[in-house]
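Just so it is clear, none of the values below were taken in a lab; they were calculated from the coordinates. No experiment lies behind these values; they were computed from the predicted model shown. Every residue, glycine among them, receives a Cβ derived from its backbone with ideal geometry; neighbour counts consider all protein chains shown.
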């Protein structure tokens with residue numbers, strides 16, 4: 001990794017670390033690049049079972065549900081490349097029913 005890319009990554013990590021809400025950053029192939037501590041705590045997952053994994057395989061597949069597939073695959077393949085204020089609810093195996101919002105954009 002070159003010096004500029006490393007500095008940008010460090011800045012992104014610092015910003016993510018300051019956020020109070022759970023945040024996860026995905027790559028264009030839906031791999032988890034970063035997540036903050038509130039994300040790990042809220043969804044009771046570890047960095048090891050989350051980072052650098054496809055979203056739908058995180059924590060033994062807890063994020064593998066039809067609404068998430070539909071929204072994210074549509075955004076990537078057919079949509080404008082952006083999602084704003086998409087509200088979802090899902091019953092997660094470890095933490096029960098959670099309501100959350102997806103905001104996403106392709107870079």
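Odds and ends about this structure:
- Backbone N within the stretch 20-41 under 13 Å of label point (7 Å from residue 95 Cα along the Cβ vector): 20-24, 35-41
- Option label - Rg/Rh (Cα atoms, Kirkwood Rh) computed here, alternatives (i) 1.24; (ii) 1.29; (iii) 0.96: (iii)
- Sorting 84-90, 55-61 by their mean Cβ neighbour count within 10 Å, with the most densely packed peptide first, gives 55-61, 84-90.
- For the pair residue 28 and residue 87, a Förster radius of 30 Å applied to the C-beta separation gives a FRET efficiency near 0.80, rounded to the nearest 0.05.
- Over the residues of the chain, the helix contribution to mean residue ellipticity at 222 nm works out to -9500 deg cm²/dmol, using -39500 (n - 2.57) for each DSSP H run of at least 4.
- Euclidean distance of C-alpha centroids, the stretch 1-69 and the stretch 89-106, integer Å: 13
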